[in-house]
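Bear in mind that the values in this text are calculations on the coordinates, not laboratory data. The model shown is predicted, which means the values in this text are computed figures rather than measured ones. Using ideal geometry, Cβ is built from the backbone for each residue, glycine included, and neighbour counts are taken over all protein chains shown.
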């Protein structure tokens with residue numbers, strides 16, 4: 001029989017694209033991505049006052065106030081590079097281990113060595129920064145890392161929403 005010309009294959013493709021289930025499925029993906037992106041932007045807006053308060057905060061004195069930055073020392077056990085520039089850092093503080101995920105300062109020259117000293121900056125009970133050697137990590141749970149993570153989620157979701165709406169328009 002041979003290869004069919006494109007003109008003969010178009011009705012079959014048009015029939016698949018004309019199905020309402022496919023169009024509605026793509027539209028639902030676009031709506032879901034748009035809602036998730038909007039929620040991430042709303043979360044960033046809610047986090048913005050905390051970020052401003054963190055930037056205004058000072059180190060704790062002998063009598064710590066609720067909004068000051070406390071520091072604690074620990075031992076860096078592990079530093080792993082994950083996809084998209086995310087780092088996973090395991091720190092032991094007072095016999096407890098904690099894993100912090102976040103973006104590190106791009107000036108850091110590779111993974112930090114295990115067993116080295118680490119300094120954890122705490123603010124309102126959350127880890128705000130982790131320092132060890134050349135490593136300066138902003139965990140996602142802290143005010144700086146949370147803002148960046150929420151913006152990244154919003155951008156990815158809005159791009160997915162735009163792609164899904166473009167595909168819906170083609171269908």
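For 158, 117, what's the fewest-to-most ordering of other Cβ within 10 Å of each Cβ?
117, 158
Going by how many other beta carbons lie within 10 Å of each one, how would you line up 134, 79, 94, fewest first?
94, 134, 79
Simple spin-label model, 7 Å along Cα-to-Cβ: residue 170 to residue 92 in nm?
Spacing of the two 7 Å Cα→Cβ label points: 5.4 nm.
Taking neighbour counts of Cβ atoms within 10 Å as a proxy for exposure, in what order, fewest first, do 71, 90 appear?
If I rank by nearby Cβ atoms, fewest first, I get 71, 90.
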